[in-house]
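Here is the structure we will look at, set down as structure tokens.
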Amino acid sequence: MEEIAMQDPVLHQAIAAWEKSSDDPMVREAYFARRKAVLDEKAAVREAELRLREAIQKGQVEGRTEGKEEVAKNLLAMGMEISKVAKATGMTEDEVKVLNE
């Protein structure tokens with residue numbers, strides 16, 4: 001595998017950059033912090049989707065928007081992006097923007 005990498009200049013450059021960055025504690029720390037932020041955001045979206053689905057199954061949200069609005073407000077308070085809140089709740093981005101004001 002290493003022989004192939006040495007023959008391909010692009011692959012060789014990528015491996016060299018990866019090795020250099022993995023030796024730097026600051027770069028590693030930044031990588032793990034970013035990875036944690038991405039995973040936390042995905043988890044928050046998933047949790048919101050599950051809560052919304054559960055509320056719909058219990059009949060609490062059916063035919064009403066109050067439940068969705070409450071979930072959307074909570075997600076916005078957690079710092080989630082408007083587009084992701086809209087996707088998680090089934091609301092439009094404009095509806096979420098109104099709640100964010």
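The values are calculated or read from the model by the stated rules, or taken from the named source; none is laboratory data. All values derive from a computational prediction rather than experimental measurement. Glycine gets a Cβ as well: all are built from the backbone with ideal geometry, and neighbour counts include every protein chain shown. Areas reflect the complete protein model, heavy atoms only, side chains present, ligands, DNA and RNA absent. Shrake-Rupley method; radii C 1.70, N 1.55, O 1.52, S 1.80 Å.
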Residue satisfying all of: in region 79-98; farther than 14 Å from E69 by Cβ and basic (K, R); most open to solvent (accessible area, probe 1.4 Å) among these: K87
Conditions (1) over 20 Å from E95 (Cβ atoms); (2) modelled with pLDDT under 85; (3) basic (K, R); number of the one not met by R35: (2)
Any hit, region 53-65, residues being loosely packed, with under 15 Cβ neighbours inside 10 Å and modelled with pLDDT of 80 or more: yes
Residue that is modelled with pLDDT under 85, under 18 Å from E41 (Cα atoms) and under 22 Å from the mean Cα position of the chain (by Cα), where the choices are A77, A72, A88: A88
Number of the exception - E49 against (1) open to solvent by 80 Å² or more (accessible area, probe 1.4 Å); (2) modelled with pLDDT of 80 or more: (1)
